[in-house]
1. Taking a ≥ b ≥ c as the square roots of the eigenvalues of the Cα gyration tensor of the chain, is the shape rounded (a/c under 1.5), prolate (a/b larger than b/c) or oblate?
2. For a footprinting-style exposure proxy, rank 15, 61 by other Cβ within 10 Å, fewest first.
3. For the stretch 43-61 and the stretch 20-37, write down the distance between their C-alpha centroids in whole Å.
4. Checking the table 3/173; 192/308; 22/392; 288/308 against a 31 Å threshold on Cα-Cα, which pairs fail?
5. Just to check I understand the Karplus step: with θ = phi - 60° and J = 6.51 cos²θ - 1.76 cosθ + 1.60, what whole-Hz values come out for the stretch 173-180, glycine and proline as x?
6. Less than 12 Å Cβ to Cβ from residue 129, Lys/Arg counted +1 and Asp/Glu -1: what total charge do the surrounding residues give?
7. Please rank 47, 110, 82, fewest neighbouring Cβ atoms within 10 Å first, as an exposure proxy.
8. Applying 1/(1 + (r/R0)^6) with R0 = 56 Å to the Cβ-Cβ distance of residue 143 and residue 393, what FRET efficiency is obtained, to the nearest 0.05?
Amino acid sequence: MHKLDERLSNTLNDLRSAGTYKVLRNIAAPMAPVTVIEGIGEVLVFCSNNYLGLANHPAVLEAGIAGLRQYGAGTASVRFICGSFECHRALEQKVAEFFGAEAALTYTSCWNANEGLLPAITEAGDAMVSDELNHASIIDAGRLSRASRTVFAHSDMDALASALLETGAAPVKFVVTDGVFSMEGDVAELAKMRQICARHDAVLIVDDSHGTGVLGENGRGTHEYHGLDCGTADGVDIITSTFGKALGGGNGGFVVGSTDLIDYLVQRSRPQLFSNALAPPTACAALKALEILEQEPERVQRLHANVKQMRAGLRSLGYDVKDSPTGIIPIIIGDTAAAIQMSERLLQMGVFIVGFGFPVVPEGHARLRVQMSAAHTDAQIARSLDAFAQLKRSV
Ligand SMILES: Cc1ncc(COP(=O)(O)O)c(C=O)c1O
């Protein structure tokens with residue numbers, strides 16, 4: 001046995017014995033409030049990021065199919081060699097317009113956008129200050145950057161200010177945060193962060209993957225929720241986000257900011273220079289999803305109403321649910337095995353909700369993560385609450 005095989009097999013065995021080995025489920029129908037899991041059957045979905053119910057929207061599907069017909073599979077090249085299609089330009093213009101920013105640049109995922117952004121805009125001697133609960137893609141992008149990195153305690157504004165103070169004479173200082181934190185479902189204190197950044201002349205970067213399409217009256221995201229602009233001195237300087245959640249649920253990500261920032265990324269961002277653009281069907285589907293969001297802001301209102309209804313229902317059943325306007329409702333259980341058992345029990349009752357434990361969240365903070373969609377009906381929410389009531393009686 002080669003040493004690598006031995007290492008892989010030992011680690012897999014360790015994961016199995018620790019109960020943290022992941023088994024991928026096979027989904028046998030499109031992602032929607034009701035889908036089908038192979039071997040289980042029809043389930044109500046409360047674990048997807050399909051916040052606006054656009055993942056299987058007929059117009060989004062048609063736009064993707066039309067994009068494939070019009071442009072083919074892609075340019076079989078990176079953009080600086082063969083160029084990009086009209087659909088890429090149209091999507092980037094629409095994204096910039098939606099965020100009220102000067103310009104936008106698409107990537108094949110938000111992971112890619114973060115890794116394309118942070119290493120490109122940092123230089124040796126710069127300082128990056130990052131919330132401790134930031135997404136893994138921000139952490140990895142930070143590791144690839146040339147800036148020194150400091151992590152501050154989650155949403156602790158005094159800790160952020162102290163961390164910035166310690167960056168001293170760094171030529172450029174960056175503060176990076178999730179807009180909505182994916183495991184807590186809470187909202188970054190962007191208004192306060194903006195003020196602290198202004199005092200320290202720091203650039204504020206927000207990854208709003210779980211906030212886009214969810215927060216704010218028009219679903220523009222966490223900055224809208226806080227009454228801030230994007231790309232101005234009084235707002236968030238740079239936003240990254242995804243098309244893989246509220247905006248159609250396929251894939252693709254983007255950076256929004258100033259014209260110079262986007263131009264600079266076209267010149268310097270390594271995933272732009274060395275990796276193909278979004279496939280045309282994906283770009284066309286994402287553009288349609290954004291158009292639907294603009295034309296139907298009531299989807300955002302419906303999502304907010306569903307979130308309120310679910311939170312209130314869970315609370316009335318005695319579950320420990322924190323207040324937050326986001327589409328993520330964590331129910332803290334504590335023990336990892338208990339959280340996983342509860343999610344299995346819910347699945348047997350036809351409700352698909354995932355239990356997260358250590359090492360995804362700290363030891364003792366295992367949780368069930370409920371995620372809401374504008375497409376959930378009152379009856380579906382009531383059915384899931386019935387399952388939660390049964391679960392409560394059985395534990
Ligand atoms: C905050 C945040 N950033 C980035 C990502 C990755 O997005 P994508 O799937 O577009 O790479 C996620 C997805 O879980 C996320 O929650």
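Please treat every number below as a calculation from the coordinates, not as lab data. Worth saying up front: this structure is predicted, and the values here are computed from it rather than measured. Please note: Cβ atoms are built from the backbone with ideal geometry, for glycine as well, and neighbour counts cover all protein chains shown.
1. Working: a/c = 1.42, a/b = 1.25, b/c = 1.14.
Since a/c stays below 1.5, the shape of the chain is classed as rounded.
2. 15, 61
3. For the stretch 43-61 versus the stretch 20-37, the Cα centre distance is 13 Å.
4. Where the Cα-Cα span goes over 31 Å, the pairs concerned are 3/173.
5. 3J(HN,Hα) across the stretch 173-180, in whole Hz: 10, 10, 10, 10, 8, 5, x, 10.
6. Working: positive: 149, 173; negative: 126, 131, 132, 156, 166.
Local net charge: -3.
7. 82, 47, 110
8. For R0 = 56 Å, the calculated efficiency reads 0.75.
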